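The values are calculated or read from the model by the stated rules, or taken from the named source; none is laboratory data. Quantities reported herein were computed from a predicted structural model and do not represent experimental measurements. Cβ coordinates were reconstructed from backbone atoms using ideal geometry, including for glycine residues, and neighbour counts include every protein chain displayed. These area figures cover heavy atoms from the full protein model, side chains too; ligands, DNA and RNA do not enter into them. Shrake-Rupley method; radii C 1.70, N 1.55, O 1.52, S 1.80 Å.
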Amino acid sequence: MNRRQFLIALAVLVVFAAAGIAVVVSERSGWKSADSRAGQKVLPGLTISDVAEIAIRDAAGELHLVRGEAGWTVRERAGFAAETDRVAELLVKVAEMKVVQSEPLPETQRARLDLVEPKDKVGAGTLFELKDPKGASLARLLLGKKVMKSAPPASFARAEGEASGRYLIAGGEAGALLVVGEPLAQVKSKPEPWLVKELVRADGARAITASKDGKLRWKVTRDSESLDWKFADGAKPDLQKATDLASSFGWVNLVDVVADPAKVDTGLARAVIVNAETFDGPTYSLRIGNRAGDNYYLGVAVSGEPRKTRAPAKGEKAEDKEKKDKEFEERRAKLVERLAREKTLDKWTYLVSKNVVEPLLRERSALLPEKKAKKG
């Protein structure tokens, strides 16, 4: 190669290099422009204390979580209490949520990403809106498909297809697609997960009675929590079955709240009524209606007040008395607080698992110990 050919080749290489650099700079400039919001909050102006309502709408229906004087409630469940911690967790998550990526969103791509207003069941998104006490909108997000992250090859650390983020549109920016690193899986119109599940806790039952249509079915009592149960005639029930009766009252949790009891045959007008009188003083009443799948319709009522004094044990020492009196007062204070809520629960009708209810529906004969078969 002579000198002239060498200079020509060198000039060509310089031109190609310059063109390559221009392309890289152009692409990097375009990437920076497209992702100019990366790292910024999706809702920078949101103040959590201003939020008085969370509205969720998807193809399955609507959900409204409303904050009132008594706390958060679920409108679609006749204003029953919502889990405050769960609501707070969602609000913090949304307030702190940051943009991972942003880019223009062509109209033709909205259906593919489920970023369509939830008016039908085809390609519908999830509308999430926060409102102030007057009903004015504080923030509005249209949530689309989740961003899925597959497990690395030969790794079981992450399940296949685990969600790692979500596509969404913020506010009225219909032409801007945002990707966030939070799947917001709990944002659905289903009310049940938001309900406070605990109903009543009748600790230390001393007498349990079952009746229907005003007729007594059975009654079991015990003189202390350490003694066995017995029927009024002195007969003893099966130990495990009697324990099941007390356990059913020990932690009654709901499955769901019936939104409109008048529209379903709850059977509560013909209910089996089971009462539990406790050593602490209050009486708990469960009205058990018809079965609905794996659940039963249930009504709850609580009456009475905690006893105010403790009877010292025979021969109790002074130092023991002081300690036990303090424990009694602490226990009583917690019970008074719990009763304040439990006494409001008669406003609603519930669905409760059959596992809680069915031990209480046994006939007296079914509570007796099984007779052992005689040998040969």
Legend entry - Estimated inter-spin distance, A70 and E103, nm [label 7 Å along Cα→Cβ]: 5.0
Legend entry - Estimated [θ] at 222 nm from DSSP helical runs (n ≥ 4, -39500 (n - 2.57)) normalised by residues in the chain, nearest 500: -8000 deg cm²/dmol
Legend entry - Distance histogram in 5 Å bins (all Cα pairs of the stretch 42-119, percent per bin): 3, 12, 18, 18, 18, 16, 9, 5, 1, 0
Inset, instruction - Mind ranking 271-280, 207-216, 134-143 by how tightly packed they are, going by the mean number of other C-beta atoms within 10 angstrom, highest first? - result: 271-280, 134-143, 207-216
Inset, instruction - Using R₀ = 56 Å, calculate the FRET efficiency as 1/(1 + (r/R₀)^6) where r is the Cβ-Cβ separation of E62 and A366; round to 0.05. - result: 0.80
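Largest first, how would K236, K197, K371, K145 line up by accessible area (1.4 Å probe)? Write out the running numbers ahead of the final one.
On the way: K236 130, K197 65, K371 195, K145 90 Å².
Putting K236, K197, K371, K145 in descending order of accessible area: K371, K236, K145, K197.
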Inset, instruction - Could you sort out which of K215/K241; K146/K190; K146/K197; K145/K190; K230/K308; K41/K188 sit more than 20 Å apart by Cα distance in this structure? - result: K215/K241; K146/K197; K230/K308; K41/K188
Inset, instruction - Rank these residues by their accessible area, most exposed first, probe 1.4 Å: K93, K263. - result: K263, K93
Inset, instruction - Enter the accessible area of S303 (Å², nearest 10), with the probe set to 1.4 Å and all protein chains included. - result: 60
Legend entry - Set of lysines near K314 by C-alpha distance (under 20 Å), chain-local residues within fewer than 8 positions excluded: K323, K324, K326
Legend entry - Accessible surface of the chain [probe 1.4 Å, protein heavy atoms]: carbon and sulfur percent: 53
Legend entry - Magnitude of the charge dipole, the chain, Cβ model with Lys/Arg +1 and Asp/Glu -1, debye to 20: 820
Inset, instruction - Please calculate how many Å² of accessible area the chain carries per residue, with a 1.4 Å probe and no DNA, RNA or ligand atoms counted. - result: 59
Legend entry - 0 to 90° range, to nearest 10: angle between helix 239-250 axis and the chain longest Cα axis: 60
Inset, instruction - Would you kindly find the accessible area of D228, with a 1.4 Å probe and non-protein molecules such as ligands, DNA and RNA excluded, rounding to the nearest 10 Å²? - result: 90
Legend entry - Two-site label geometry, E117 and T84: point separation in nm, points 7 Å out along Cα→Cβ: 3.7
Legend entry - FRET efficiency for A259 and K197, using Cβ-Cβ distance with R0 set to 22 Å, rounded to 0.05: 0.85
Inset, instruction - Can you pull the one-decimal nm distance between simple spin-label points at E96 and E337, each 7 Å off the Cα toward Cβ? - result: 2.6
